[in-house]
Amino acid sequence: MRLLLIEDDKKVAAFIVRGLTESGYTIDVRHDGHSGLEAAGAESYDLIILDWMLPGLDGIKVCKKIREFSKDIPILFLTAKETTQDKITGLDAGADDYLSKPFSFMELLARIRALLRRGSRSADKLTAGDLEINVTERKVMRGGKPIELSNKEFLILEYLVRNKNRLINRATLTEHVWNIDFDRGTNLIDVYINYIRKKLDVGDSKPLIHTVRGAGYVLKEENK
């Protein structure tokens, strides 16, 4: 799953990114309100973590503007402003949850999981043919048999299933999973796709992930 963190304190941001990355999430970071709002409008995120006191455009204004074009994406305020009135203001601006600094990272994780379960954009279970993915529990099964995937393999497969029957190019996959600019000279995605195929396509199972030469990959529910 891909999250957006809008936080001006770079040390706090680095701490959150490290913890969430280790927990299997892909994180984009912006350090001011204007660039955070721009990212929220330009990309598809499963959840946004938002600070209040941001340079350029404060978090309340960012939250209200996001709600003008997206009613569904979960927004979690993570801020040092901690009075009851502050929480009311944040929730009334359109946030789904509110966590005050300093905070327990385990509580942040729990709140993120709860919001993702609740969020209408992030279905708990995804399917493609006989492939089933439980996003919250990070479990994969094919034909009723469990499949063990690494964090990166899971993120790639989840993204392909969410976009099943659509052509996804290598640059999009790389940026979604690694949050880096695509290097056209690398075969990183091809290597991971090969790992996933070896785990998915066993026995009499039909191939799910198909290569479109020179363009990318498409996950099809049936081998047509």
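Observations on the model:
Residue-wise test of (1) of a type in the set (A, V, I, L, M, F, W, C); (2) loosely packed, with under 13 Cβ neighbours inside 10 Å; (3) modelled with pLDDT of 90 or more; (4) outside the structural domain of Asp28 (by TED's automatic domain parsing).
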{"residue": "Arg142", "(1), (2), (3), (4)": "no, no, yes, yes"}
{"residue": "Ile156", "(1), (2), (3), (4)": "yes, no, yes, yes"}
{"residue": "Tyr159", "(1), (2), (3), (4)": "no, no, no, yes"}
{"residue": "Asn169", "(1), (2), (3), (4)": "no, no, no, yes"}
{"residue": "Glu175", "(1), (2), (3), (4)": "no, no, no, yes"}
{"residue": "Phe182", "(1), (2), (3), (4)": "yes, no, no, yes"}
{"residue": "Tyr192", "(1), (2), (3), (4)": "no, no, yes, yes"}
{"residue": "Ile209", "(1), (2), (3), (4)": "yes, no, yes, yes"}
{"residue": "Val212", "(1), (2), (3), (4)": "yes, yes, yes, yes"}
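- Any hit, the range 80-92, residues being buried (at least 19 other Cβ atoms within 10 Å of the Cβ) and in a loop (DSSP other than H, G, I, E, B): no
- Filtered residue count, the range 93-140, keeping only those that are under 13 Å from the mean Cα position of the chain (by Cα), crowded, with 19+ Cβ neighbours inside 10 Å and not polar (S, T, N, Q): 4
- Residue match in the range 56-76 (condition: free of Cβ contacts under 8 Å to residues at least 12 places away in the same chain and more than 18 Å from His176 (Cβ to Cβ)): yes
- Close Cβ contacts (under 6 Å, 6 or more residues apart or on different chains) running from residues in the range 190-217 that are on the phi > 0 side of the Ramachandran plot to residues that are surrounded by 11 or more Cβ atoms within 10 Å (Cβ to Cβ) and assigned to a strand (DSSP E or B) comprise Gly216/Ile168.
The values are calculated or read from the model by the stated rules, or taken from the named source; none is laboratory data. The model shown is predicted, which means the values in this text are computed figures rather than measured ones. Backbone-built Cβ (ideal geometry, glycine too); neighbour counts: all protein chains shown.
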